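Engineer: I have a structure I would like to understand better, so I am pasting it below and will then ask my questions one at a time.
The values are calculated or read from the model by the stated rules, or taken from the named source; none is laboratory data. Being a predicted model, the structure only gives us computed values, none of them experimental. Reconstructed Cβ throughout: ideal geometry from the backbone, glycine too, with neighbour counts over all protein chains shown. Just so you know, the surface numbers come from the protein's heavy atoms only, side chains and all, with ligands and any DNA or RNA stripped out. Shrake-Rupley method; radii C 1.70, N 1.55, O 1.52, S 1.80 Å.
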Amino acid sequence: MGLNIEEQKAAERFRKEVAEPSMTQLVILDFWAEWCGPCKALTPVLEKVAAEYADKGVVLAKINVDEEQFIASQFQVRSIPTVYAMFQGQPVADLTQARSESQLKATLDKLLEQLPVQPGGQPPKPDIAPHLAMAEEALAAGDAEQAAGVFMQILQAVPDSAEAASGLIRALVAADRLEEAAQMLETLPVELSSDPQIERARKALELAKDKPEDGELAALRSAAEANPSDMEAQFAFANAAFAAGERDIAAETLLKMVAIDREWNDSAARTKLLEIFEAVGLEDPWVSATRRKLSTILFG
């Protein structure tokens with residue numbers, strides 16, 4: 001977190017093109033530029049050796065330092081060409097001085113003897129279920145910052161986890177870090193953005209945007225208490241209360257509204273309750289208990 005959108009995009013490209021392949025393969029990471037003469041001289045050597053060692057699990061990835069300045073800065077590249085060997089997301093050797101084919105092959109042979117490179121294999125995904133449960137428990141207990149930290153760690157291990165991405169966004173919302181949550185939603189990979197878990201997080205963010213300014217919640221509360229039959233006042237207070245983290249009060253207010261007039265404003269109170277259920281999570285015990293209360297009101 002804390003990266004701007006372009007830096008996040010650069011980090012995502014690096015993850016897909018370098019970090020993920022390096023989980024099972026040995027990646028030759030070449031930092032270069034169009035204007036760099038030594039880079040152009042080295043490129044044929046790197047491409048030839050990478051092709052010859054492909055069946056041993058070696059691949060070549062190239063980073064144009066002019067186009068990917070953020071990634072180059074993370075590796076503290078001071079001159080080019082700079083060449084690293086990457087395995088399991090970490091640099092394992094500096095290959096910059098291996099300018100000849102024989103030097104490069106000798107270094108790669110040593111690395112391949114020491115590292116469990118798996119040509120063409122896919123790394124087994126870690127079991128993240130216990131960690132997801134831990135993060136959800138922290139979030140339910142009101143420790144949004146701790147939950148966000150755990151969800152972030154899960155995403156670092158399994159970047160395509162919709163559950164972890166959803167959890168991180170919801171934790172950011174709960175921590176009142178709405179801009180970060182919105183930015184993360186905008187930069188999610190396409191394959192994740194339509195996942196039901198992400199829809200849950202998106203709903204949580206939408207509801208949180210109704211959070212009142214200081215003093216506004218108190219005014220809305222007073223107006224609702226002074227006018228129990230004023231459905232507009234009750235509804236405005238319920239929206240603000242949930243956005244402010246008072247979900248029990250919000251649900252209680254909406255349930256009372258349904259009991260008084262379930263059809264008011266095209267069943268707005270019941271619809272808002274269903275949105276809250278979706279944002280909190282349909283499997284959440286609080287949602288199950290509140291849904292039972294709603295069913296009792298609706299069906300007797």
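Engineer: Looking only at the range 1-22, count every residue that is hydrophobic (A, V, I, L, M, F, W, C) and either assigned to a loop (DSSP other than H, G, I, E, B) or at pLDDT 90 or above (or both) and tell me the total. Before you say what the answer is, go through the steps one by one.
Structural biologist: First, pick out the residues of the range 1-22 that are hydrophobic (A, V, I, L, M, F, W, C): 1, 3, 5, 10-11, 14, 18-19.
Narrowing the set further to residues that are either assigned to a loop (DSSP other than H, G, I, E, B) or at pLDDT 90 or above (or both) leaves 1, 3, 14, 18-19.
Within the range 1-22, residues that are hydrophobic (A, V, I, L, M, F, W, C) and either assigned to a loop (DSSP other than H, G, I, E, B) or at pLDDT 90 or above (or both) number 5.
Engineer: A further question follows. Could you grab the pairs with beta carbons closer than 8 Å, sequence gap of 6+ or different chains, first residue in the range 255-271 and closer than 14 Å to Phe237 by Cβ, second one open to solvent by 70 Å² or more (accessible area, probe 1.4 Å) and assigned to a helix (DSSP H, G or I)?
Structural biologist: Leu255/Lys293
Engineer: Can you tell me which residue within the range 186-208, out of those that are more than 21 Å from Asp284 (Cβ to Cβ) and not polar (S, T, N, Q), is surrounded by the fewest Cβ atoms within 10 Å (Cβ to Cβ)? Break it down stepwise before answering.
Structural biologist: Residues of the range 186-208 that are more than 21 Å from Asp284 (Cβ to Cβ), as a first pass: 186-194.
Of the ones still in play, those that are also not polar (S, T, N, Q) are 186, 188-192.
Details: Glu186: 10, Leu188: 19, Pro189: 12, Val190: 6, Glu191: 9, Leu192: 16.
Step by step, filter the range 186-208, then rank; the result is Val190.
Engineer: Of the residues in the range 253-269, how many are farther than 20 Å from Leu220 by Cα, in a helix (DSSP H, G or I) and either in contact with a helix residue (DSSP H, G or I) (Cβ under 7 Å, 6 or more places away or on another chain) or among the acidic types (Asp, Glu) (or both)?
Structural biologist: Counting residues in the range 253-269 that are farther than 20 Å from Leu220 by Cα, in a helix (DSSP H, G or I) and either in contact with a helix residue (DSSP H, G or I) (Cβ under 7 Å, 6 or more places away or on another chain) or among the acidic types (Asp, Glu) (or both) gives 2.
Engineer: Right, something else. Restricting attention to the range 69-84, report how many residues are in contact with a helix residue (DSSP H, G or I) (Cβ under 6 Å, 6 or more places away or on another chain) and either under 16 Å from Val27 (Cβ atoms) or of a type in the set (Asp, Glu) (or both).
Structural biologist: Result for the range 69-84: 2.
Engineer: If you take the residues in the range 226-245 that are over 30 Å from Arg177 (Cβ atoms) and of a type in the set (S, T, N, Q), which one is most open to solvent (accessible area, probe 1.4 Å)?
Structural biologist: Ser229
Engineer: Turning to a different aspect of this structure: So Ala240 ticks every box in (1) touching a residue at least 24 places away in the same chain (Cβ under 8 Å); (2) assigned to a helix (DSSP H, G or I); (3) out of contact with any Asp or Glu (no Cβ under 7 Å at 6 or more places or on another chain) but one. Which box is left unticked?
Structural biologist: Result: Ala240 fails condition (3) only.
Engineer: Further, regarding this structure: When the residues of the range 209-245 are filtered to those that are touching a helix residue (DSSP H, G or I) at 6+ places or on another chain (Cβ under 8 Å) and acidic (Asp, Glu), which remaining residue is modelled with the lowest pLDDT?
Structural biologist: Asp210
Engineer: When the residues of the range 20-39 are filtered to those that are touching a strand residue (DSSP E or B) at 6+ places or on another chain (Cβ under 8 Å) and open to solvent by 10 Å² or more (accessible area, probe 1.4 Å), which remaining residue is nearest to Thr82 (Cα to Cα)? Walk me through it before giving the result.
Structural biologist: Step one: list which residues in the range 20-39 are touching a strand residue (DSSP E or B) at 6+ places or on another chain (Cβ under 8 Å), which gives 21-22, 25-34, 39.
Filter once more, so that each one left must be open to solvent by 10 Å² or more (accessible area, probe 1.4 Å): 21, 25, 32, 34.
On the way: Pro21: 19, Gln25: 20, Trp32: 7, Glu34: 14 Å.
Looking at residues that are touching a strand residue (DSSP E or B) at 6+ places or on another chain (Cβ under 8 Å) and open to solvent by 10 Å² or more (accessible area, probe 1.4 Å), I get Trp32.
Engineer: Pull up the range 246-294, narrow it to residues that are more than 21 Å from Met231 (Cβ to Cβ) and basic (Lys, Arg), then point me to the one that is surrounded by the fewest Cβ atoms within 10 Å (Cβ to Cβ).
Structural biologist: Our first condition is that a residue be more than 21 Å from Met231 (Cβ to Cβ); within the range 246-294, this holds for 278-289, 291-292.
Restricting the remaining residues to those that are basic (Lys, Arg) gives 291-292.
On the way: Arg291: 15, Arg292: 10.
Restricting to residues being more than 21 Å from Met231 (Cβ to Cβ) and basic (Lys, Arg), the top hit is Arg292.
Engineer: Exactly one condition in (1) open to solvent by less than 20 Å² (accessible area, probe 1.4 Å); (2) modelled with pLDDT under 90; (3) closer than 19 Å to Ala61 by Cα is false for Val158; which is it?
Structural biologist: Checking Val158 against (1) open to solvent by less than 20 Å² (accessible area, probe 1.4 Å); (2) modelled with pLDDT under 90; (3) closer than 19 Å to Ala61 by Cα, the one that fails is (3).
Engineer: Go through Leu192, Leu172 for me and flag whichever is in contact with an Asp or Glu (Cβ under 6 Å, 6 or more places away or on another chain) and part of a helix (DSSP H, G or I).
Structural biologist: Every option except Leu172 fails the conditions.
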